[in-house]
Amino acid sequence: MIRDVSSGIYHLLHPKMTFFLTSVDRKGTPNVMTCAWATPVSDEPPMILVCVSKESHTAALIRQTKEFVVNIPSKKLLPALWICGRHSGREVDKFTKARLKTSPGRNVSVPVVGDCIGYIECSLWKSVHAGECYVFFGRVRSAYADDRFFKNDAWTANAAIPLHLGGSKIVYFR
Ligand SMILES: Cc1cc2nc3c(=O)[nH]c(=O)nc-3n(C[C@H](O)[C@H](O)[C@H](O)COP(=O)(O)O)c2cc1C
């Protein structure tokens, strides 16, 4: 039976890869949040978008310094994904709380999250108001991945990337 699901439309478009979105303020203090709403939008030039709640600390930082990084985790970082998705950087240092290490970005001033298996560093090209979110379009400045998990332009099953189904449900790509 086909049922009406208009109260949960976005669930129809999940599962989605779930990642850490890092950003930084003008003084260089970084923040990290969990994010699932993202997609490539152009290959030439390479561009992606991320949808970020207007209420989040991350949105304020991306608007301030105009850079962000998508950090793709593997399964072992799942506890940190929940911490970074349930607390705001306005109240807590999530890198400490979630025991996440950072390293400098290669081509942006935003740090990357250690132990991730892929990274997309972006500078902000454009932002669009969309309901409760900003849609941030990023020009890709560099992208790199761990070749134990990314081979021939594709993630391998052993990457075990977390996929968000919505709410508190996550499954793994395998
Ligand atoms: C699995 C998961 C996926 C999430 N995806 C998004 C998302 O795509 N966009 C968004 O704005 N918030 C998303 N969130 C919620 C943010 O991570 C959350 O509001 C966070 O506390 C914001 O942190 P900040 O205030 O430090 O930026 C997600 C949370 C979880 C647990």
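The values are calculated or read from the model by the stated rules, or taken from the named source; none is laboratory data. Only a predicted model underlies this, so the values are computations on that prediction, with no experimental measurement involved. Counting neighbours? That spans all protein chains shown, and the Cβs are built from the backbone with ideal geometry, glycine included. Only protein heavy atoms, including side chains, enter the accessible area calculation; ligands, DNA and RNA are left aside. Shrake-Rupley method; radii C 1.70, N 1.55, O 1.52, S 1.80 Å.
In the range 56-81, the qualifying residues are those that are open to solvent by 40 Å² or more (accessible area, probe 1.4 Å) and without any contact (Cβ under 8 Å) to a residue 60 or more places away in the chain, and the one that is farthest from residue 133 (Cα to Cα) is 76. Scanning the range 1-37 for residues being within 18 Å of residue 145 (Cβ to Cβ) and either surrounded by fewer than 16 Cβ atoms within 10 Å (Cβ to Cβ) or touching a Cys at 6+ places or on another chain (Cβ under 7 Å) (or both) gives a total of 3.
Cβ-Cβ contacts under 8 Å between residues 6 or more apart (or on different chains), taken from a first residue in the range 82-93 that is over 14 Å from residue 30 (Cβ atoms) to a second residue that is open to solvent by less than 80 Å² (accessible area, probe 1.4 Å) and more than 6 Å from the ligand (Cβ to nearest atom), are listed as 83/94; 83/98; 87/94.
Name the strands (runs of 3 or more DSSP E) wholly inside the range 1-80 in which the number of residues that are more than 11 Å from the ligand (Cβ to nearest atom) and within 14 Å of residue 122 (Cα to Cα) is 2 or more.
Working: elements: 19-24, 30-35, 38-43, 46-53, 67-72.
Passing ranges, in order: 38-43, 46-53, 67-72.
Sort through 117, 161 and tell me the only one that's buried (at least 18 other Cβ atoms within 10 Å of the Cβ) and away from the ligand (no atom under 15 Å from the Cβ). Exactly one residue qualifies, and that residue is 117.
Within this structure, residue 40 passes the test of being open to solvent by 60 Å² or more (accessible area, probe 1.4 Å), touching a strand residue (DSSP E or B) at 6+ places or on another chain (Cβ under 6 Å), free of Cβ contacts under 8 Å to residues at least 24 places away in the same chain and not aromatic (Phe, Trp, Tyr). Residue 92 falls short on exactly one of the conditions (1) in a strand (DSSP E or B); (2) open to solvent by less than 60 Å² (accessible area, probe 1.4 Å), and that condition is (1).
Whether any residue in the range 135-158 is touching an Asp or Glu at 6+ places or on another chain (Cβ under 8 Å) and within 13 Å of the ligand (Cβ to nearest atom) is what I want to check. No: the range 135-158 contains no residue that is touching an Asp or Glu at 6+ places or on another chain (Cβ under 8 Å) and within 13 Å of the ligand (Cβ to nearest atom).
Evaluate the range 140-161: report whether one residue or more is out of contact with any Leu (no Cβ under 8 Å at 6 or more places or on another chain), assigned to a strand (DSSP E or B), of a type in the set (Phe, Trp, Tyr) and farther than 20 Å from residue 16 by Cβ. Yes, that holds for at least one residue.
Residue 99 falls short of the stated requirement of being in a strand (DSSP E or B), away from the ligand (no atom under 16 Å from the Cβ) and more than 19 Å from residue 27 (Cα to Cα).
Restricting the first member to the range 8-25 and to residues that are basic (Lys, Arg), and the second to residues that are open to solvent by less than 10 Å² (accessible area, probe 1.4 Å) and near the ligand (Cβ under 10 Å from one of its atoms), the beta-carbon pairs closer than 9 Å and six or more apart or on different chains are 16/166.
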